[in-house]
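Accompanying notes for the structure given below.
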Amino acid sequence: MTSNNELLMKVEKCLEQVNDPEIPSVSVIDLGMIEEISIHHSNHIQIKALPTFLGCPALEIIRNSIKNAVLQMDEIQTVEVEFIYHPPWTSDRISELGKERLKEFGIAPPPEFNEQNNEWKVECPYCGSYYTTMENLFGPTACRSILYCKACKNPFEAMKPVSNLM
Ligand SMILES: [Zn+2]
């Protein structure tokens, strides 16, 4: 008989293998997408997840990947994945490991709004410079934007901040 705590830890381990299809190599855990995991009737798992992007078709893919991964566990009968929007997902939720992996993949974490200068700040994943262009940041459809680093002359991608799409 596995205790609930052990079960929760096993589920979390499972989720470390589930990646955002848009960003291979970074798990939903490292992206800070998982807000709550709970067990009901000893074999039903309920997961509350925060979407990192709004309106992206990838959400359904992520839901299915999470379900499939957790259903691999013998102890689990059913899995329910609910996307919630409160608290809103922010880049602060990305783990240090997640940030490193995003950079390796050439993706800058979502930009931060600098209140003092009243402008968005994106760090280049290659050289760490903030001297980057922002023109395409709020393009209409993509979940990520193509930016350009004026310091090292590399194009790179940045995740869009969710709060600004709402
Ligand atoms: Zn650069």
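Annotations for the structure displayed:
- Selection of strands (runs of 3 or more DSSP E) fully inside region 15-77 by the criterion of at least 1 residues being closer than 16 Å to Asn5 by Cβ returns 34-40, 44-49.
- Within region 74-88, at least one residue is closer than 30 Å to Cys149 by Cβ and outside the structural domain of Lys10 (by TED's automatic domain parsing).
- If the condition is being part of a loop (DSSP other than H, G, I, E, B) and either within 17 Å of the chain's Cα centre (by Cα) or among the β-branched types (Val, Ile, Thr) (or both), then region 107-124 contributes Pro109, Pro110, Pro111, Val122.
- Condition check for Ile29: within 13 Å of Val11 (Cα to Cα), modelled with pLDDT of 90 or more, more than 16 Å from the ligand (Cβ to nearest atom) and in contact with a strand residue (DSSP E or B) (Cβ under 9 Å, 6 or more places away or on another chain): no
- Pick from region 67-91, criterion surrounded by 14 or more Cβ atoms within 10 Å (Cβ to Cβ) and β-branched (Val, Ile, Thr), ranking: nearest to the chain's Cα centre (by Cα): Thr90
- Here Lys103 fulfils each of the conditions (1) within 16 Å of the ligand (Cβ to nearest atom); (2) at pLDDT 90 or above; (3) basic (Lys, Arg) apart from (2).
- If the condition is being modelled with pLDDT of 90 or more and more than 11 Å from the chain's Cα centre (by Cα), then region 42-63 contributes Asn43, His44, Ile45, Gln46, Ile47, Lys48, Arg63.
- Complete set of residues in region 136-160 that are in a loop (DSSP other than H, G, I, E, B) and either in contact with a Ser or Thr (Cβ under 7 Å, 6 or more places away or on another chain) or at pLDDT below 60 (or both): Asn136, Leu137, Phe138, Gly139, Pro140, Thr141, Ala142, Lys150, Ala151, Cys152, Lys160
The values are calculated or read from the model by the stated rules, or taken from the named source; none is laboratory data. Just so it is clear, the model here is predicted, and its values are computed rather than measured. Every residue, glycine among them, receives a Cβ derived from its backbone with ideal geometry; neighbour counts consider all protein chains shown.
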